[in-house]
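Report on the structure given below.
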């Protein structure tokens, strides 16, 4: 572990503006092996935060630490090295429509020279089994529900053997049973593979299930960073309003 950067991911006084400020003095950290959920209303900078971790966006000021390295001024070539350790499961799934489920997962293995063809087949089957969708191996993405596409995207992300997975709204537009299933899967991957994870979500059920700590963003600033169980004891009016809205919309 790097003594200068003991946390796996850390934001130090990060600012980012587009036509308006999106992140304002953002400070939080994620430790190795930990799952941190980033929550808050739409437009508060949750997905922008993930884009900074992946190096798709650069901070206007402040420092961004990823995989115990300061990536703030990294070149694209240096970021490619970091992206071998940190991968993202996009909300859309970002699957190749012309490839079957198995071929989509295999795509992530193609660059690995340490596997022969049979190894790759075994790994694909193992990953699909791990995310409980082996029976969909020969299906195409168009034939799958949103939830199944997310599971395939998770399997494909894991094929790269990352240290850390970023999930962007993994349960959005997914039915409650599949949402529950994805939450169980994320928990299992964390326990079995000791993965570090960051989960951007509106889904408080998912947050309570998988998160060790919660980062609550409001108007671009972190107004809470701590255990999920303590969130409801926060006296911040916007957090109370958010939790109250969630209680109202629940069936």
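Descriptive notes on the structure:
- Antiparallel bridge percentage (DSSP; both residues within the chain; nearest 5): 50 percent
- Folded to 0 to 90 degrees: helix 117-130 orientation relative to the chain principal axis, Cα: 50 degrees
- Per residue, the average separation of C-alpha pairs within less than 8 Å and at least 6 apart gives the chain a relative contact order of 25 percent.
- Mean residue ellipticity (222 nm) of the chain, computed from DSSP H runs ≥ 4 via -39,500 (n - 2.57), nearest 500: -11500 deg cm²/dmol
- FRET efficiency for residue 202 and residue 225, using Cβ-Cβ distance with R0 set to 22 Å, rounded to 0.05: 0.75
- Judged by the mean number of other Cβ atoms found within 10 Å, the most tightly packed of the peptides 17-30, 72-85 leads the ranking 17-30, 72-85.
- Each DSSP beta bridge with both residues in the range 117-251 is either parallel or antiparallel, and the antiparallel ones are about 50%.
- q = 0.10, 0.14 Å⁻¹: log10 I(q)/I(0) that the Debye formula gives for the chain, counting C-alpha atoms only: -0.49, -0.96
- Proxy reagent accessibility, fewest Cβ within 10 Å first, across 235, 143, 168: 235, 143, 168
Quick note: the coordinates plus some simple rules give every number you see, no bench work behind them. Computed from a predicted model, the values in this text were never measured in an experiment. Every residue, glycine as well, gets a Cβ built from its backbone with ideal geometry; the counts of neighbours run over all protein chains shown.
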